[in-house]
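Inspection log for the structure reproduced underneath, given as structure tokens.
Bear in mind that the values in this text are calculations on the coordinates, not laboratory data. Remember, it's a predicted structure, so these values are computed and weren't measured experimentally. Cβ atoms come from the backbone with ideal geometry, glycine included; neighbour counts cover every protein chain shown.
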Amino acid sequence: MIDRQSKLPISRQAELLDISRGSVYYLPKPVSEPDLDIMRRLDELHLKHPFMGARQLRDRLNLQGIPIGRKRVKTLMMKMGIEAVYCMPNTSKKTLGHEIYPYLLRGMTINRANQVWALDTTYIPLAKGFAYLTAVVDWATRKVLAAKVAITLEACHAVDVLEQAFKRYGRPD
């Protein structure tokens, strides 16, 4: 969008595009090695104890010899997209304006291949960051019909995996 070779100044290009001039020059900082190590430990602790919040995770990390504060743990948890799992209030109350979709599999016996598929995305911790695995699985046979690993979590990857499964196996019932 911004043409750095243009005679038009970058500030004017940003103004015409209605974007912040600072965003043109912004370069994201890579996550530091110590933070990646702490994030990996947070991920392991969260998988073992998903009910723990920032305070309990901080205490566990301090016991492991990692001096860290609650706010830093909370910041890293937000960056990783993890939060404590607990009962939240009013989860069963309907919200006005939200469409309610019927559960199409209720009462259905799933006993053969290509009857019902499921699509799931999960993240995989790597040495420097994370990757996302998206897969289409047949419910009856538990066979992985198509899969894709990506470094971003975008809907286009799920669409690609579904199209790949449709090409190979047709559409499920």
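Taking other Cβ within 10 Å of each residue's Cβ, how do 137, 161, 85 sort, fewest first?
Final ranking by Cβ density, sparse to dense: 85, 137, 161.
Taking the Cβ of each residue in 99, 154 as the centre, tally the other Cβ atoms inside 10 Å and list the residues starting with the fewest.
If I rank by nearby Cβ atoms, fewest first, I get 99, 154.
Looking at the chain, identify the longest residue range that excludes and avoids all trypsin sites (Lys or Arg not before Pro) in DSSP loops having at most 16 other Cβ atoms within 10 Å. Let's see the in-between values first.
Numbers: sites that count: 4, 7, 93, 94, 106, 112, 128, 142, 143.
It works out to 8-92.
Have a look at the chain and give its Rg and Dmax from the Cα atoms, expressed in angstrom.
22.5, 67
Rg/Rh for region 19-111 to two decimals, with Rh computed the Kirkwood way over all alpha-carbon pairs.
1.17
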